[in-house]
Amino acid sequence: MSQRYFEDPEHARLYAKYRTVPPPNLIKRVIGYLEEKARSLVPLNLGLIEFVFSTDMVLLYWRKTNEVDAKGRQLALDFGCGSGQNTNTIAPYFFRVVGLDISEAQILEARKKSPRENAEFMVSPAEAAPFSSSSAQLVTSCVACHWFNLPNFYKEVERLLVKNGVAAFYAYTLPSIVDHEKAEELNEALCDVIHGSLGRYWGDGIRHLENHYKEIDVPFSKEVVRESFISKSDKSLSDVVAMVTTFSAYQTMKRIEGNEAVEAMTEKFQKSLGYITSPDNDPHMPPDPVLTAKQNLNTGFWNVRTMNQISKTEKVVKEMRQYLIDIFVLSEIRWSGNGLEKFGDGYAMAFSGHPSVHRTGVGLLMSPLAHKAMTNWNPVNECIMTVCFVSNNTKMITNHTAIIACYAPTNETTEEEKDAFYNMLNSATKDVPRHDILCLVGDLNAKVDADRQYCPEVLDPRGMGEINENGTLLINYALSNDLIIGGSMFDHKTIHKYTW
């Protein structure tokens, strides 16, 4: 039976957000081997990508026989698929790819996030898949087979593969930080967490990662190929901390010792990294940068219609946690006055409303990470508010990001009210230093059309509907402030392009 460490829904969401995707080089190598007709292998030169977060990728792959061709790429099975990172990477090469995992929570997360129409996900143990014999051209397992009952899994792999099919098992070893002037000190802190704080909570399978899969003996044939190469990717220190929370040992410690114990360990680890990297090890360092080009950051918007009820506020915070949103812009919160409201577990919301009446109002709800990075906020009026965050981009002069939260008048509102809103919005925009990154987020009540020729400076051809008066005002605002309308740039389902 497989070892089960990835069952919790919250763990599945963290796993989906922070786990690494297999590098394209590795996948192409596996596909290339599947298509080779002879036993001899073509020498492979896997290049080194120079970034800051390193894992040693280990690849084992094997061909069932060399008697007949694998009859195209009809079916690939990805065992221990988790939230689908590897499954989705394989999908472009096959007519059908199926990710299987013993955790229902992981499968639910994979189904929500998969962008591939030919990718399916199902709950199944690795040792007993619901597929007929000799049905798959490729069987894979990415950072997972060390948790399986390997003798039973090997029998299942041999049963499932067609003749000349390929099995590929690969994993990255425990991570390390490179290309940083204090990499040695940072890795000592990381090792203290991995082998110290979490040491006794790891399952038996972790030894296979620590010794680079050398003890995984594939009992099929002599033609078992082993390759190893370095995969590097950009990660901020905050990403490193978040990655730790996806480890099975972290979740085991959480289950045994409780939330307070793991939160205290995580906070200590984050402070340790911050202390190491701060200038002159100054304990009074500025907030940890959050809005960087190298970091995953989820930003959302919601016209909540009202938050003038305790139950609605709790619901919004719950939705933010569920979807792992770091910055949540809200409109029509209907709170009067302005202020910074703090909630439990480090969440906070800056808000700006009418001085005395519960109407309109905008808010910006922040995760603990985003809240720590906030430097200041400016409540302009009941429909406009600016919030600034520390950011860090060594290739640019800027070190701040400004988000303007807004709620524009509806299309039926008088021209005087619309002009007053955009005059105030332009003024708030001009107040943002020109070297800062600027994002305008909110309910603009506008349609800008899908015709890019109308105004190619600010539009891409993915808008919706026919342009209305508010759309014209928005385009003019974007033109005058050197901005682009992001909603017209990205492919989304039609239902996701409208607010209701």
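The numbers here are math on the coordinates, done by the rules we state, and not lab data. Bear in mind that the values here come from a model prediction, so they are computed numbers and not experimental data. Using ideal geometry, Cβ is built from the backbone for each residue, glycine included, and neighbour counts are taken over all protein chains shown.
Excluding His371 itself, what net charge comes from residues whose Cβ is under 10 Å from its Cβ, given Lys and Arg +1 and Asp and Glu -1? Don't skip to the end; give the middle numbers.
Numbers: positive: Lys342, Lys372; negative: Asp326.
Residues close to His371 contribute a combined charge of +1.
Please report the net charge: other residues with Cβ closer than 10 Å to the Cβ of Leu138, K and R +1, D and E -1.
Numbers: positive: Arg73; negative: Asp78.
Value of the local net charge: 0.
So which of Lys112/Lys268; Lys112/Lys418; Lys214/Lys268; Lys112/Lys372; Lys268/Lys318 end up more than 31 Å apart by C-alpha?
Pairs exceeding 31 Å: Lys112/Lys268; Lys112/Lys418; Lys214/Lys268.
Based on the mean of other beta carbon atoms within 10 Å per residue, what is the order of 89-98, 125-134, 24-33, 360-369, most packed first? Don't skip to the answer; put the middle values down first.
Details: 89-98: 19.6, 125-134: 15.2, 24-33: 17.3, 360-369: 24.0.
My ranking of the peptides, most packed first, is 360-369, 89-98, 24-33, 125-134.
Please compute, for the alpha-carbon atoms of the range 99-181, the extent along each of the three principal axes and give them in descending order in Å.
Principal-axis extents of the Cα atoms in the range 99-181, largest first: 53, 29, 23 Å.
Show the residues, 5+ positions off or on another chain, whose built amide H is closer than 5 Å to the amide H of Thr140.
Here Leu77, Asp78, Phe79, Ala168 satisfy the definition.
Ranked from highest to lowest mean number of other Cβ atoms within 10 Å per residue, what is the order of the peptides 414-421, 468-475? Write out the running numbers ahead of the final one.
On the way: 414-421: 13.5, 468-475: 19.8.
Per-residue mean Cβ counts within 10 Å order the peptides as 468-475, 414-421.
Among the listed pairs Lys315/Lys493; Lys315/Lys447; Lys182/Lys315; Lys28/Lys271; Lys254/Lys315, give every one whose C-alpha distance is greater than 31 Å. Walk me through the numbers before you get to the answer.
Numbers: Lys315/Lys493 25 Å; Lys315/Lys447 29 Å; Lys182/Lys315 42 Å; Lys28/Lys271 40 Å; Lys254/Lys315 25 Å.
Table pairs above 31 Å Cα-Cα are Lys182/Lys315; Lys28/Lys271.
As an exercise, use a Förster radius of 45 Å and the Cβ-Cβ distance of Glu341 and Glu35 to find the FRET efficiency, rounded to the nearest 0.05. Before the final figure, lay out the partial values.
On the way: r = 59 Å, r/R0 = 1.30.
My answer for the efficiency is 0.15.
Between Ser135 and Asn25, what FRET efficiency follows from the Cβ-Cβ distance if R0 is 25 Å, with the result rounded to 0.05? If you can, show how the numbers build up before the last one.
Details: r = 28 Å, r/R0 = 1.11.
After rounding to 0.05, the efficiency reads 0.35.
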